[in-house]
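Asker: Pasting in a structure now, in structure tokens, and then I'll have a few things to ask.
Please treat every number below as a calculation from the coordinates, not as lab data. The structure presented is a predicted model; accordingly, all values stated were derived computationally and were not measured. Because the Cβ atoms are built from the backbone with ideal geometry, glycine has one as well, and the counts that use them run over all protein chains shown.
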Amino acid sequence: MGVDVGSVRVGVALSDPSPMLASPLVTLSRDADSDSDIEQLVELATEHGVVEVIVGLPQTLAGRHGQAAEIAVRYAERLAERLGSVPVRLCDERLSTVMATRMLSDRGVKGRKQRAVVDQAAAVEILQGWLDARASYRARTGGPGSEDA
């Protein structure tokens, strides 16, 4: 499961079982007060049999952690506490929202419609990047799953 944490919305994506392809799932309303969005993520993870959660870490272009990165780290920590045995990992997501916005614009999705799905699209970018890097690493090292490559 890929997660893009924003100040207003949380985008969620899932991979196929292989895992090779990320797809958008849902956009949740961010609830920084009572963490109901985190509870919804736990329910989604259980429902879909998620084995790993990748939370986007919005670093600056220089690779530094700003306020948004600190929010993502704390969010991932709270999510990990609630998920228990399901690992929660942080993944560099520099420009994922920019790439998602550009892709949606190229497909003719603009304005209000774009805002409704850009967080899901960013979650797809985050998760797909993680899946691609994982597959590449396994292919180079001969690790588990490399025979599929």
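Asker: With 10 angstrom as the radius, rank Glu93, Glu43 by how many other C-beta atoms surround their C-beta, starting from the fewest.
Answerer: Fewest-to-most Cβ neighbours within 10 Å comes out as Glu43, Glu93.
Asker: Grab the Cα-Cα distance for Ser18 and Ser85, subtract it from 0.36 nm times how many residues apart they are, and report the gain in nm with one decimal.
Answerer: Numbers: separation 67, 0.36 × 67 = 24.12 nm, distance 2.08 nm.
Difference between extended and current length: 22.0 nm.
Asker: Subtract the Cα-Cα distance of Asp92 and Arg138 from 0.36 nm times their separation in residues, and report this length gain in nm to one decimal. All intermediate terms of the calculation are to be shown ahead of the outcome.
Answerer: Values: separation 46, 0.36 × 46 = 16.56 nm, distance 1.92 nm.
That pair, Asp92 and Arg138, stretches by 14.6 nm at full extension.
Asker: Sort Ile38, Ile54 so that the residue with the fewest other Cβ atoms within 10 Å of its own Cβ comes first and the one with the most comes last. Walk me through the numbers before you get to the answer.
Answerer: Details: Ile38 22, Ile54 27.
Going from sparsest to densest Cβ surroundings: Ile38, Ile54.
Asker: Shifting gears a bit: What is the fewest-to-most order of Glu125, Glu39 by other Cβ atoms lying within 10 Å of their Cβ?
Answerer: Glu39, Glu125
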